[in-house]
Each structure stands twice: as C-alpha cells, then as structure tokens.
2 protein chains.
Amino acid sequence: MKLTPVMHRYIVHWGEMGSRWGINRSVAQIHALLYLAPMPLHADEIAETLGIARSNVSVGIKELLAWELVQVTHTLGDRRDFFVAQKDPWEVIRVIVEGRKRREIDPTLAFLRNCVAELENDTETPAEVRDRIAGQLEFLETLTRWYESIKGLPRKTLLKMMRLGQKIAKVIGE
Amino acid sequence: MKLTPVMHRYIVHWGEMGSRWGINRSVAQIHALLYLAPMPLHADEIAETLGIARSNVSVGIKELLAWELVQVTHTLGDRRDFFVAQKDPWEVIRVIVEGRKRREIDPTLAFLRNCVAELENDTETPAEVRDRIAGQLEFLETLTRWYESIKGLPRKTLLKMMRLGQKIAKVIGE
DNA sequence: CCGTAATTTCAGTATTTTCTGAAATTCTAG
DNA sequence: CTAGAATTTCAGAAAATACTGAAATTACGG
C-alpha cells in the first residue's frame with residue numbers, strides 16, 4: 001500500500017509510542033498500518049509497505065490476533081489471508097486495557113495476596129514491610145473492583161459518568 | 001539492607017513488571033527496594049542489596065528523582081545522600097500517570113493535531129484516513145479533558161465517585 | 001493425491017538496551 | 001586550599017530483544 005507522508009509519520013510515531021509502552025515496534029507499526037488502511041491487507045503487502053521481513057509480519061500479526069485487535073478476512077478467488085484492524089478507538093483501548101489487566105494486573109494481585117498470606121507468620125520480615133505490601137494490595141483491589149464493575153457499561157453511560165465527574169470537579173473547584 | 005525471602009521476591013516481581021511497561025528493570029528494582037525499606041538507604045547499600053553496580057544506582061536514582069518518586073535526605077555527621085520513596089500507593093500511581101501523560105500523551109496529542117491540520121489540504125491521503133486520525137484525536141481529547149478535570153480532586157471525592165460508578169453499574173446490570 | 005502458493009518456524013545475526021568499572025568531577029570537613 | 005569521600009559520567013562490554021531468511025509445514029485448487 002502506498003503511504004502518503006502523513007500516513008508514514010503516523011506509523012513511525014505509533015511504533016515509537018509502542019516501544020515506550022513495552023510493545024514491539026514492528027507489532028505497533030503493523031497495527032498502525034492496519035488501523036489506517038481503508039481496506040484489508042495481506043501479509044506481503046504489510047511487509048513491503050513497512051520494509052520488514054515477511055516472517056516478522058507473520059509473528060506480529062499472530063500477536064495482534066491474540067490481542068483481538070486484528071481479524072482475518074478472505075476474498076473469493078484469493079487464497080491469502082487478509083487482515084483488518086479494529087477501527088473504533090474506544091474499543092481499541094478497551095481491548096488493550098482488558099488484556100494488560102488480565103496478563104499483568106491479575107497475576108500481580110495473586111502475587112501480592114500470596115505475599116500477604118505468607119507474611120502472616122513470617123517473623124523475620126519487619127511489620128512495616130508487611131503493612132506496606134498489604135496497603136498496596138488493598139489499593140490495587142479497590143482499583144480493579146471499580147474497573148470490573150464499570151468495564152461492561154455501554155459507552156453512553158461511561159460518557160455520562162465522565163461528564164458527571166467533570167461537573168463535580170467544577171463545583172468543588174469553585 | 002538484609003532482604004527476607006518475601007522482600008526479595010517482591011523486588012524481583014516489581015522489576016519484572018517494570019520492564020513489561022517500558023521501565024528499566026534496575027530502576028524498578030531500586031524503586032521497589034526503597035518502597036519497602038523502613039528507613040532511608042544510601043546508594044552503596046542499594047547497590048549491594050540489589051547486586052548491581054554503584055554507577056547503575058546513581059543513574060537509576062537520578063531517574064526516580066526526576067519522576068519525583070524518590071527524595072534525598074541527609075543525616076547529621078554523614079556526607080552521603082540517603083533516599084526515601086513515596087510510600088502512599090495512590091500518590092505513586094498519581095505521579096506515574098501524570099508523568100506518562102506529560103511525556104507521552106501530550107506530545108501524541110500535539111502530533112495528532114498537527115496531522116489533522118495538515119490533512120486539511122492534503123489531497124493525496126484518502127479521506128477515510130483523515131477521518132480515522134481525527135476520530136482518534138477526538139477520543140484522546142475526551143479522555144484527557146476528563147483526566148485533567150478530576151486529577152486534582154481529593155482522594156475522598158475520587159473514592160466517592162468510584163463508588164457512585166459502581167452503584168450505577170449495579171442498577172444498570174440488573 | 002499432487003503441485004504450488006501461503007504461512008510459520010526458528011537458528012543465526014543484528015540491533016537496541018542495559019550495565020559495569022575506571023576515570024573525572026563535585027563536595028565538604030578541616 | 002587540600003585531601004579524601006561521595007557522586008557522576010561515559011566508553012566499552014554484556015545481555016536482552018528484535019529481525020531475517022531459509023527451510024519446514026500447512027492449505028488448497030485441480
């Protein structure tokens with residue numbers, strides 16, 4: 001796919017952002033390209049457009065499929081896989097947040113619970129350390145409970161809640 | 001500082017988490033250590049406890065100071081710098097979110113605005129691409145406006161708003 | 001089934017990031 | 001000032017991560 005200068009800059013920026021957040025640059029670039037592309041692309045075209053190896057695209061796409069940020073489609077008379085990205089930014093963020101929560105926050109919660117349980121009868125670790133870990137666990141639990149309760153709400157409701165929050169802030173700020 | 005097994009595991013876990021989120025492992029470990037430590041530590045002690053080079057601690061600490069997650073303190077009769085971490089988990093998250101917003105989200109917003117402006121009279125880029133970028137920009141702006149309005153609210157108010165959200169979710173969910 | 005196109009795998013290589021240790025610099029007590 | 005302690009800098013080494021290309025596998029039309 002031919003990239004115009006703006007598209008080019010967009011993809012580079014997104015790759016850069018990705019790597020700052022612990023996402024492979026190529027993966028982020030593939031995602032950016034598919035996010036912009038008006039039509040489904042096949043792996044060879046992605047590789048050629050981004051100037052990376054075909055095999056690299058294969059691995060990257062697999063990751064994006066696992067994240068459910070990209071889907072496979074097909075055309076009649078073409079055996080190749082074509083890929084399309086989720087185009088709704090709200091949905092993109094939702095999927096990323098949910099994924100990182102499941103892959104990173106949930107295991108951390110389990111880990112902290114385990115630490116706190118062990119510290120129950122651990123006499124060598126200072127009490128202050130135990131309290132600190134317990135406090136952090138409680139904080140994370142508060143946050144995730146909130147997230148779990150609101151994550152399924154329709155977008156409209158979320159937007160209303162955000163506007164409500166802004167109003168409250170305005171009143172308090174005066 | 002002598003690490004008990006739980007402390008050791010905690011620091012390792014935190015280092016691991018850090019690197020998944022684009023934070024240098026040593027920096028994350030130094031932060032974890034100072035977060036647990038009941039008293040201020042000096043650089044040599046940090047290096048020895050974590051088994052990393054003194055110079056590495058120097059660089060890591062500088063970064064944590066820049067993030068304002070760690071502060072320097074001194075003791076009478078001791079020329080060395082001692083370091084303490086911010087211990088309140090709410091404050092830790094607040095500082096991290098604010099920092100990443102300033103360093104990454106704000107420049108991205110500026111970048112997207114620039115893209116949209118250029119696309120005004122760019123005939124070679126498909127209209128669909130322009131709309132996509134504009135949509136993403138609007139989304140990000142909605143999110144940051146909300147964040148900016150509530151970020152200064154007292155913790156109590158935030159907690160109330162979270163509980164309110166959970167109630168709304170419960171009612172809608174029924 | 002067969003032949004070929006498409007895709008995936010993965011060992012080796014390249015690149016990027018992180019870390020070290022020695023040297024330079026800064027700081028302070030005397 | 002000066003001496004030594006504390007800290008920082010930074011070039012080079014080490015480690016981690018990402019990428020390539022060739023070979024293997026899979027998938028499909030005929």
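The values are calculated or read from the model by the stated rules, or taken from the named source; none is laboratory data. No experiment lies behind these values; they were computed from the predicted model shown. Positions of Cβ are backbone-derived with ideal geometry, glycine not excepted, and every protein chain shown enters the neighbour counts. We work out accessible area using only protein heavy atoms, side chains counted, and drop any ligands, DNA or RNA first. Shrake-Rupley method; radii C 1.70, N 1.55, O 1.52, S 1.80 Å.
B plus A alone minus the pair: what accessible area, both sides summed, probe 1.4 Å, in Å² to 100? It comes to approximately 5500 Å² buried between B and A. The amide H of B:F83, built 1.01 Å from its N in the peptide plane, has B:L41, B:H42, B:T73 as neighbours under 5 Å, considering only residues 5 or more places off or on other chains. With angles folded into 0 to 90 degrees, how steeply does helix B:25-36 sit against the dominant principal axis of chain B? Use alpha carbons for both and round to 10. Its long axis makes an angle of about 60 degrees. In sequence order, the stretch B:157-170 has phi-based couplings of 4, 4, 4, 4, 5, 5, 5, 4, x, 5, 5, 4, 4, 5 Hz under the Karplus curve 6.51 cos²θ - 1.76 cosθ + 1.60, θ = phi - 60°, and Gly or Pro positions carry x.
Ignoring ligands, DNA and RNA, what percent of the accessible area of the stretch A:44-174 is carbon or sulfur (1.4 Å)? Using a 1.4 Å probe with all protein chains present, the stretch A:44-174 comes out at 54 percent carbon and sulfur.
Inter-chain Cβ neighbour count for B:11-19, averaged per residue, equals 2 (cutoff 10 Å, partner chain atoms only).
For the stretch B:1-46, with every protein chain kept in place, what is the accessible area per residue (1.4 Å probe, Å²)? Averaged over the residues of the stretch B:1-46, the accessible area is 38 Å². So if I take the centroid of the Cα atoms in the stretch B:1-64 and the same for the stretch A:38-102, what is the distance between those two points in Å? Comparing the Cα centres of the stretch B:1-64 and the stretch A:38-102, I get a distance of 38 Å. Directionally averaged projected area (the stretch A:1-47, Cα convex hull): 3.0 nm². Work out which residues of the stretch B:92-134 lose at minimum 50 square angstrom of accessible surface when the other protein chains are put back, relative to the chain isolated, with a 1.4 angstrom probe, and list them by number. So the qualifying set is B:E104, B:T108, B:F111, B:E124, B:V129, B:R132. Against chain A, whose longest principal axis comes from its Cα atoms, helix A:89-100 is set at around 50 degrees. Taking only the Cα atoms of the stretch A:5-85, the radius of gyration and Dmax are 12.0, 41 Å. Summarising the rotation from chain B to chain A, the nearest chain B beta-carbon to the axis and its distance in Å are given as B:G22, 2. Across the copies of the chain, A:E98 has label points (7 Å from Cα along Cα→Cβ) spaced 3.3 nm apart, shortest distance listed first.
Taking one quarter of the surface of the C-alpha convex hull of the stretch A:89-173 gives a mean projected area of 7.7 nm². A dipole drawn for the protein assembly as shown from +1 and -1 charges on Cβ atoms has a positive end, and of B:G60, A:P38, B:L137 the residue lying farthest that way is B:L137. About its Cα centre, the stretch A:5-85 has a charge dipole of approximately 160 debye under the convention of +1 per Lys or Arg Cβ and -1 per Asp or Glu Cβ, with nothing else charged.
Across the alpha-carbon atoms of the protein assembly as shown, the computed radius of gyration and Dmax are 23.3, 82 angstrom. Between the stretch B:130-170 and the stretch A:128-174, the alpha-carbon centres lie 10 Å apart. Here's how it looks for A:G22: its modeled amide H is under 5 Å from those of B:G22, which are all 5 or more places away or on a different chain.
With a 10 Å cut-off around each Cβ of A:43-55, the average count of Cβ atoms from other chains is 0. Distances between copies at B:Y147, taken between label points 7 Å from Cα along the C-beta direction, are 1.5 nm in increasing order.
Volume per residue of the convex hull around the Cα atoms, evaluated for chain B, comes out as 197 Å³. Could you tell me how many degrees, from 0 to 90 and to the nearest 10, lie between the Cα long axis of helix A:5-20 and the main elongation axis, the longest principal axis, of the Cα atoms of chain A? Between the helix axis and the principal axis of chain A, the angle is about 30 degrees. With R₀ set to 22 Å, the beta-carbon distance separating B:E138 from B:K101 gives a calculated FRET efficiency near 0.80.
What's the long-distance tail for the stretch A:40-126, i.e. % of Cα pairs beyond 20 Å?
56 percent
Rolling a 1.4 Å probe over the heavy atoms of the protein chains gives the stretch A:83-171 an accessible area of 55 Å² per residue.
Structure remark: mean-square fluctuation, Gaussian network model of chain A, C-alpha springs under 10 Å; the largest value among A:E91, A:E120, A:E45 belongs to A:E120.
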